[in-house]
Amino acid sequence: MTIKQFWLDPYRSRHATGVASVAGSDVILQSTIFFAFSGGQESDHGTIAGFPVLRARTEGSAIVHTLPEAHGLAAGQTVEVVIDWTRRYRLMRLHFAAELVLELFYRALPGVNKIGAHIAQDKARIDFAWPENISPLLAGIASAANAIVQTDLVITSAFENVADERRYWQIDGFARVPCGGTHVRRTGEIGAIRLKRDNIGRGKERVEILVDS
């Protein structure tokens, strides 16, 4: 199992650890701050021992980092992991903004079904199966989300089940929400949230979520 330091301290941008195993260009570390694509959230960008991480993926409870073939790393070696902090922090803010907007949509549209999501550095999106235009709802949901941002609530992010690596987040006024992404500590860090609607097909609606730079 790879120890996921990005859960224990999502604000850490440098981390010293040991190489657990090497299989060609794929490297598994004893612990990592490198978030691998999951739940729609894009992977971090960064380096291991100065080599760029070309891809990060989850395999069971391990995270596999793909490096250039000539990396030369070996099991037992100590290495430093460095992530692009500017990108990580944007992803953290947009991730929680999307989570918050999704929960507000669930409240506003009982029975709505999320069918997709993606969190990138520039914006996030959520796709819904819904037969009507969601545009009339956007102003109210944006207002409710920004009120929560301005209140600067503490965001609790912790394990629901350590053995199964099940995580959740929670803020005042909301039940626990299952989620294994990286989160900011307080809602005030998100900044002003803006929403845009995109019609992606019959019976499908997309909302794009943007935050200030």
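The C-beta contact set for the range 92-117 (first residue under 12 Å from residue 137 (Cα atoms), second residue open to solvent by less than 10 Å² (accessible area, probe 1.4 Å) and small (Gly, Ala, Ser), distance under 8 angstrom, 6+ apart or interchain) comprises 101/145; 104/145.
Can you tell me which residue is farthest from the chain's Cα centre (by Cα) among those in the range 108-136 that are over 10 Å from residue 205 (Cβ atoms) and part of a helix (DSSP H, G or I)? So, considering only residues that are over 10 Å from residue 205 (Cβ atoms) and part of a helix (DSSP H, G or I), the one farthest from the chain's Cα centre (by Cα) is 136. A count restricted to the range 61-107 and to residues that are farther than 15 Å from residue 43 by Cα, outside any strand (DSSP E or B) and not basic (Lys, Arg) stands at 22. Of all residues in the range 145-166, those being in contact (Cβ under 8 Å) with a residue 24 or more places away in the chain and open to solvent by less than 50 Å² (accessible area, probe 1.4 Å) number 8. Evaluate the range 70-83: report whether one residue or more is in contact with an Asp or Glu (Cβ under 8 Å, 6 or more places away or on another chain) and either on the phi > 0 side of the Ramachandran plot or open to solvent by less than 40 Å² (accessible area, probe 1.4 Å) (or both). Scanning the range 70-83 turns up at least one residue that is in contact with an Asp or Glu (Cβ under 8 Å, 6 or more places away or on another chain) and either on the phi > 0 side of the Ramachandran plot or open to solvent by less than 40 Å² (accessible area, probe 1.4 Å) (or both). In the range 70-91, the residues that are free of Cβ contacts under 8 Å to residues at least 60 places away in the same chain reach residues that are aromatic (Phe, Trp, Tyr) and surrounded by 17 or more Cβ atoms within 10 Å (Cβ to Cβ) with C-beta atoms within less than 9 angstrom, at least six apart or across chains, in these pairs: 70/51; 71/51; 72/51; 73/51.
Rundown of residues vs (1) open to solvent by 40 Å² or more (accessible area, probe 1.4 Å); (2) of a type in the set (D, E, K, R); (3) modelled with pLDDT of 95 or more, yes/no style:
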position	(1), (2), (3)
102	no, no, yes
106	yes, no, yes
110	yes, no, no
116	no, no, yes
124	no, no, yes
127	no, yes, yes
133	yes, no, no
136	yes, no, yes
140	yes, no, yes
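Scanning the range 167-190 for residues that are at pLDDT 95 or above, open to solvent by 60 Å² or more (accessible area, probe 1.4 Å) and in a loop (DSSP other than H, G, I, E, B) returns 172, 176, 185.
For the range 41-60: of the residues being assigned to a loop (DSSP other than H, G, I, E, B) and at pLDDT 95 or above, which is surrounded by the most Cβ atoms within 10 Å (Cβ to Cβ)? Full working, then the answer.
Taking the range 41-60 as the starting set, the residues that turn out to be assigned to a loop (DSSP other than H, G, I, E, B) are 42-45, 49-50, 53-54, 60.
Those left that are additionally at pLDDT 95 or above: 42-45, 49-50, 53-54.
Values: 42: 19, 43: 20, 44: 24, 45: 17, 49: 16, 50: 9, 53: 22, 54: 11.
Among those that are assigned to a loop (DSSP other than H, G, I, E, B) and at pLDDT 95 or above, it is 44.
Just checking, does the range 12-35 include any residue being without any contact (Cβ under 8 Å) to a residue 12 or more places away in the chain and either open to solvent by 20 Å² or more (accessible area, probe 1.4 Å) or closer than 27 Å to residue 169 by Cα (or both)? Scanning the range 12-35 turns up at least one residue that is without any contact (Cβ under 8 Å) to a residue 12 or more places away in the chain and either open to solvent by 20 Å² or more (accessible area, probe 1.4 Å) or closer than 27 Å to residue 169 by Cα (or both).
The values are calculated or read from the model by the stated rules, or taken from the named source; none is laboratory data. The structure displayed is predicted, hence computed values, not measured ones. Cβ sites come from the backbone with ideal geometry, for glycine too, and all protein chains shown count toward neighbours. Ligands, DNA and RNA are stripped out before the accessible areas are found, and what is left, the full protein with its side chains, is counted by its heavy atoms. Shrake-Rupley method; radii C 1.70, N 1.55, O 1.52, S 1.80 Å.
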